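Asks: Let me give you the structure first, and then I'll get to my questions.
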Amino acid sequence: MGSSILPDLGAEILIPVCAVIGIAFSLVQWLLVSKVKLSPGRDSGSPGNNGAGGKNGYSDYLIEEEEGLNDHNVVIKCAEIQTAISEGATSFLFTEYQYVGIFMVAFAILIFLFLGSVEGFSTKSQPCTYDKSKMCKPALATAIFSTVSFLLGAVTSVVSGFLGMKIATYANARTTLEARKGVGKAFITAFRSGAVMGFLLAANGLLVLYIAINLFKLYYGDDWGGLFEAITGYGLGGSSMALFGRVGGGIYTKAADVGADLVGKVERNIPEDDPRNPAVIADNVGDNVGDIAGMGSDLFGSYAESSCAALVVASISSFGINHELTPMLYPLIISSVGIIVCLITTLFATDFFEIKAVKEIEPSLKRQLIISTVLMTIGIGIVSWVALPSSFTIFNFGDQKAVKNWQLFLCVAVGLWAGLIIGFVTEYYTSNAYSPVQDVADSCRTGAATNVIFGLALGYKSCIIPIFAIAISIFVSFSFAAMYGIAVAALGMLSTIATGLAIDAYGPISDNAGGIAEMAGMSHRIRERTDALDAAGNTTAAIGKGFAIGSAALVSLALFGAFVSRAAISTVDVLTPKVFIGLLVGAMLPYWFSAMTMKSVGSAALKMVEEVRRQFNTIPGLMEGTAKPDYATCVKISTDASIKEMIPPGALVMLTPLIVGIFFGVETLSGVLAGSLVSGVQIAISASNTGGAWDNAKKYIEAGASEHARTLGPKGSEPHKAAVIGDTIGDPLKDTSGPSLNILIKLMAVESLVFAPFFATHGGLLFKIF
């Protein structure tokens, strides 16, 4: 068998050191962003002195027309708007976390009671699950430690989302102010802020997991099977918080967005983010709570679950049986190397290449993906050579499968490259630089109906290549290393999570920056720059969602494999009625879930539209700009709606595995998991891409960059109005239903895995009765 080159001590030092480097790097980026001052300095008030001196980050000359006396007012105005957005986002998240906190405690008690009752709360040692000849820790220990790791995961997830939101609201106005010096400066500020979030999240997730494993080991000792079974709670905690963050944030942001667009743009013909629009602050707050806090928790959940799935399978393979620590921690070592790779990659965007023109923005972001993937492939090669023995065995549904270290390298690499392919296909279908979106924009000539038809067709078509990419990576990784291969392929896709998140968070920050520029009354040249940043951000957000969906498919399959092993099901036979009914119901769940979230956005948007209309009709001087709208009421409508509406979809996802497992047993549950995975991935990809394409078709017409786009414009033309309607329909698809579905897929699988011991002993009540 042989042992790994890297000694155990080396692995134990490498992981925390990489995590600490990641945290340190994010703090450095944050310090660089904070150099842009939001208070007008001494040299900002006098007309002649503006470009002089390196004080307050104003070392570069500002645009000519922005120089002079109005500069002082612009900075103050930007600071005011930023404070309003930040306060709105913070108060919403605190309200959301109060509700989620109650759920967290209730669910923790449920985990403890269910898992503790497996052996009737006995404190005696019991035979091990996979090797009856040995004695392992009691089920009560698994119950206690699973509950602890669930709470750890939940808290880490919440903190990740909250920190991301804080950084985004800190950076948005700074990006606007930097846009006065040119698009390159603004890009770097927005990208650095995204990097703060990406690295904090990747490093925190890794560090907390590593510390938890070491603390649990003090009790579990040599019982690695029990130890890593208890760790799965970490993934469950991360994803359950992400579900509420994604759904709640998604409903919030889209209710405000749809309300602001329909009344503002279509009825009143005022530009996007016009300060006269009462829903405009709520719209900008929504970008931060949905796209940043929700996305952060979501990717953290994926990361935690893929690590847990890999560790569970490894603990019952030769790594765990022979207590080989370094190969056991292989998933964590991959993530550690990923942080270092992403750190080098980030420097390419912020330090090595300077962006001088608008057309360089998107290529620079795409370069991030390519550089990180290429470097990570080399990193994985080194890790697989150093941290793994040359040959070992992997648990494969009851048997042990012999695997070589180069095969495991290929598993991770295939996941990594599949992620890149999914990213680029998503970009092709959602960027207005390519023909699919231009065709959708062109269809607006004949009104909104053709726009909707073209957009839906584009979304369905965009599933084809990503599904093949996922299918090939599943086949390759399973052939080489069974379920462990799939788990590490998912980890491979997520190994560049820090870069992925930086690119993803960049989008909402640029979006906010554009809104602030419009509200602060800055010149159209500034708005053009922030729009260019935002259009690139839209595409990268779609790429981020592609990654999240692709990795969710792999993660949930790996968790499904771990669940089937843990529940002692030898085969999942589709021809048995128990399994087939599960498949049908499982395939229906994503539709039920999407219906709930779409309708929630619709009803919340309805209230918002009525409120915005009421203000335009009853506040004298609002259209003329002499009176101020009542922003607070709109923020309250969004908050109340999202808190109330996030509970039913959340309950659907959390309760389904429990109800099916208890009443119908593990076989039906395995059918439900397979069904929801298969249909959920398709809907998620098509919904995200359709929405992204409609959004960028509208931006294509508004920017009027090409001859074709100018024939469709300008803003306010009939084709433009049709494009706005398409964009409004796409909003809940791409920002609420689509991204939440990948959490549905993963969460049901990880929950089934955590409760598997209970379902295996006490489940299937209905079939026992009849």
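Asks: Would you pick out the residues in segment 348-393 that are open to solvent by 60 Å² or more (accessible area, probe 1.4 Å), in a helix (DSSP H, G or I) and either over 23 Å from Leu416 (Cβ atoms) or without any contact (Cβ under 8 Å) to a residue 24 or more places away in the chain (or both)? Steps first, please.
Replies: First, pick out the residues of segment 348-393 that are open to solvent by 60 Å² or more (accessible area, probe 1.4 Å): 351-354, 356, 358-360, 363, 367, 370, 374, 378, 382, 385, 390.
Next cut, in a helix (DSSP H, G or I) only: 351-352, 358-360, 363, 367, 370, 374, 378, 382, 385.
Across segment 348-393, the qualifying residues are Asp351, Phe352, Val358, Lys359, Glu360, Pro363, Arg367, Val374, Ile378.
Asks: Can you go through Thr576, Thr571 and tell me which one is at pLDDT 90 or above, of a type in the set (Ser, Thr, Tyr) and more than 21 Å from the chain's Cα centre (by Cα)? Explain how you work it out, then say what you get.
Replies: Numbers: Thr571 fails: at pLDDT 90 or above.
Matching residue, one of Thr576, Thr571: Thr576.
Asks: Identify all residues within segment 478-521 that are among the hydroxyl-bearing types (Ser, Thr, Tyr) and open to solvent by less than 20 Å² (accessible area, probe 1.4 Å); write none if there are none.
Replies: Those that are among the hydroxyl-bearing types (Ser, Thr, Tyr) and open to solvent by less than 20 Å² (accessible area, probe 1.4 Å): Tyr484, Ser495, Thr496, Thr499, Tyr506, Ser510.
Asks: Let me ask you something else. Is segment 608-620 home to any residue that is part of a loop (DSSP other than H, G, I, E, B), modelled with pLDDT of 90 or more and out of contact with any Gly (no Cβ under 7 Å at 6 or more places or on another chain)? It would help to see each step written out before you state the result.
Replies: Within segment 608-620, the first condition is being part of a loop (DSSP other than H, G, I, E, B), and the residues that meet it are 619-620.
Cutting the leftovers down to modelled with pLDDT of 90 or more gives us 619-620.
Next, only the ones that are out of contact with any Gly (no Cβ under 7 Å at 6 or more places or on another chain) stay: 619-620.
Within segment 608-620 (the criterion being part of a loop (DSSP other than H, G, I, E, B), modelled with pLDDT of 90 or more and out of contact with any Gly (no Cβ under 7 Å at 6 or more places or on another chain)), the answer is yes, since at least one residue qualifies.
Asks: Can you report the number of residues in segment 187-225 which are of a type in the set (D, E, K, R), part of a helix (DSSP H, G or I) and touching a residue at least 60 places away in the same chain (Cβ under 8 Å)? If you could, list the steps in order and put the result at the bottom.
Replies: So in segment 187-225, the residues of a type in the set (D, E, K, R) come out as 192, 217, 222-223.
Now restrict to residues that are part of a helix (DSSP H, G or I): 192, 217.
Subset that is touching a residue at least 60 places away in the same chain (Cβ under 8 Å): 192.
Going through segment 187-225 one residue at a time, the tally reaches 1.
Asks: Could I ask something else about it? When you go through Gly680, Gly665 one by one, which is the residue that is part of a helix (DSSP H, G or I), out of contact with any strand residue (DSSP E or B) (no Cβ under 8 Å at 6 or more places or on another chain), within 28 Å of Ser642 (Cα to Cα) and open to solvent by less than 10 Å² (accessible area, probe 1.4 Å)? Steps first, answer last, please.
Replies: On the way: Gly665 fails: within 28 Å of Ser642 (Cα to Cα).
Of the residues listed, the single one that is part of a helix (DSSP H, G or I), out of contact with any strand residue (DSSP E or B) (no Cβ under 8 Å at 6 or more places or on another chain), within 28 Å of Ser642 (Cα to Cα) and open to solvent by less than 10 Å² (accessible area, probe 1.4 Å) is Gly680.
Every residue, every condition in (1) crowded, with 24+ Cβ neighbours inside 10 Å; (2) within 20 Å of Cys18 (Cβ to Cβ), yes or no:
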position: Phe191; (1), (2): yes, no
position: Leu206; (1), (2): yes, yes
position: Tyr210; (1), (2): no, yes
position: Ala230; (1), (2): yes, no
position: Gly233; (1), (2): yes, no
position: Ser239; (1), (2): yes, no
position: Leu243; (1), (2): yes, no
position: Gly249; (1), (2): yes, no
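Asks: Within segment 621-640, which residues are assigned to a helix (DSSP H, G or I), surrounded by fewer than 21 Cβ atoms within 10 Å (Cβ to Cβ) and in contact (Cβ under 8 Å) with a residue 24 or more places away in the chain?
Replies: Filtering segment 621-640 down to residues assigned to a helix (DSSP H, G or I) leaves 631-640.
From what is left, the residues that are surrounded by fewer than 21 Cβ atoms within 10 Å (Cβ to Cβ) are 631-633, 636, 640.
Tyr631, Thr633 - these are the residues of segment 621-640 that are assigned to a helix (DSSP H, G or I), surrounded by fewer than 21 Cβ atoms within 10 Å (Cβ to Cβ) and in contact (Cβ under 8 Å) with a residue 24 or more places away in the chain.
Asks: Being more than 24 Å from Ala749 (Cα to Cα) and of a type in the set (D, E, K, R) is the filter here; which residues of segment 531-559 pass it?
Replies: Asp531, Asp534
Asks: For segment 81-133, give me the residue count where each residue is in a loop (DSSP other than H, G, I, E, B) and either surrounded by fewer than 13 Cβ atoms within 10 Å (Cβ to Cβ) or small (Gly, Ala, Ser) (or both).
Replies: In the first step, residues of segment 81-133 are kept if they are in a loop (DSSP other than H, G, I, E, B); the result is 120-125, 128-133.
Add one more test, that the residue is either surrounded by fewer than 13 Cβ atoms within 10 Å (Cβ to Cβ) or small (Gly, Ala, Ser) (or both), and what stays is 120, 122-125, 131-133.
The number of residues fulfilling the criteria is 8.
Asks: Looking only at segment 261-287, which residues are more than 20 Å from Lys699 (Cβ to Cβ), open to solvent by 10 Å² or more (accessible area, probe 1.4 Å) and among the aliphatic types (A, V, I, L, M)?
Replies: Ile281
For every residue, the table says whether it meets (1) open to solvent by less than 40 Å² (accessible area, probe 1.4 Å); (2) touching a residue at least 40 places away in the same chain (Cβ under 8 Å); (3) of a type in the set (Val, Ile, Thr).
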residue	(1), (2), (3)
Ser523	yes, yes, no
Arg527	yes, no, no
Ala532	yes, yes, no
Ile581	no, yes, yes
Ser600	yes, yes, no
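Asks: Among the residues of segment 177-186, is any more than 21 Å from Lys356 (Cβ to Cβ), assigned to a helix (DSSP H, G or I), open to solvent by 10 Å² or more (accessible area, probe 1.4 Å) and of a type outside the set (S, T, N, Q)? Working first, answer last.
Replies: Filtering segment 177-186 down to residues more than 21 Å from Lys356 (Cβ to Cβ) leaves none.
There is no residue in segment 177-186 that is more than 21 Å from Lys356 (Cβ to Cβ), assigned to a helix (DSSP H, G or I), open to solvent by 10 Å² or more (accessible area, probe 1.4 Å) and of a type outside the set (S, T, N, Q).
Asks: Okay, moving on. In segment 418-433, what residues are open to solvent by 30 Å² or more (accessible area, probe 1.4 Å) and either under 14 Å from Ile486 (Cα atoms) or of a type in the set (Gly, Ala, Ser) (or both)?
Replies: Hit for segment 418-433 is Ala433, nothing else.
Asks: For segment 402-451, how many residues are among the charged types (D, E, K, R) and farther than 30 Å from Val266 by Cα? Show your work before the answer.
Replies: Just the residues of segment 402-451 that are among the charged types (D, E, K, R), to begin with: 404, 427, 439, 442, 445.
When the remaining residues are screened for being farther than 30 Å from Val266 by Cα, the result is 404.
Of the residues in that region, 1 qualify.
Asks: Same structure again: Inside segment 409-511, counting only helices (runs of 4 or more DSSP H) that do not spill past its ends, which hold 1 or more residues that are at pLDDT 90 or above and under 23 Å from the mean Cα position of the chain (by Cα)?
Replies: Result: 448-461, 464-494.
Asks: Okay, moving on. Tally time: how many residues in segment 138-148 are touching a strand residue (DSSP E or B) at 6+ places or on another chain (Cβ under 8 Å), crowded, with 22+ Cβ neighbours inside 10 Å and not aliphatic (A, V, I, L, M)?
Replies: At the first step, the residues of segment 138-148 found to be touching a strand residue (DSSP E or B) at 6+ places or on another chain (Cβ under 8 Å) are 138-139.
Retained after the next criterion (residues that are crowded, with 22+ Cβ neighbours inside 10 Å): 139.
Still in the list and also not aliphatic (A, V, I, L, M): none.
Result for segment 138-148: 0.
Asks: Any residue at all in segment 394-401 that's on the phi > 0 side of the Ramachandran plot and touching a residue at least 60 places away in the same chain (Cβ under 8 Å)?
Replies: yes
Asks: Would you confirm, using the coordinates I've provided, whether Val312 is open to solvent by 10 Å² or more (accessible area, probe 1.4 Å), in contact with a helix residue (DSSP H, G or I) (Cβ under 6 Å, 6 or more places away or on another chain), of a type outside the set (Gly, Ala, Ser) and within 30 Å of Arg268 (Cβ to Cβ)? If you could, list the steps in order and put the result at the bottom.
Replies: Working: open to solvent by 10 Å² or more (accessible area, probe 1.4 Å): yes; in contact with a helix residue (DSSP H, G or I) (Cβ under 6 Å, 6 or more places away or on another chain): yes; of a type outside the set (Gly, Ala, Ser): yes; within 30 Å of Arg268 (Cβ to Cβ): no.
Spelling it out, it is not the case that Val312 is open to solvent by 10 Å² or more (accessible area, probe 1.4 Å), in contact with a helix residue (DSSP H, G or I) (Cβ under 6 Å, 6 or more places away or on another chain), of a type outside the set (Gly, Ala, Ser) and within 30 Å of Arg268 (Cβ to Cβ).
The values are calculated or read from the model by the stated rules, or taken from the named source; none is laboratory data. All values derive from a computational prediction rather than experimental measurement. Using ideal geometry, Cβ is built from the backbone for each residue, glycine included, and neighbour counts are taken over all protein chains shown. Only protein heavy atoms, including side chains, enter the accessible area calculation; ligands, DNA and RNA are left aside. Shrake-Rupley method; radii C 1.70, N 1.55, O 1.52, S 1.80 Å.
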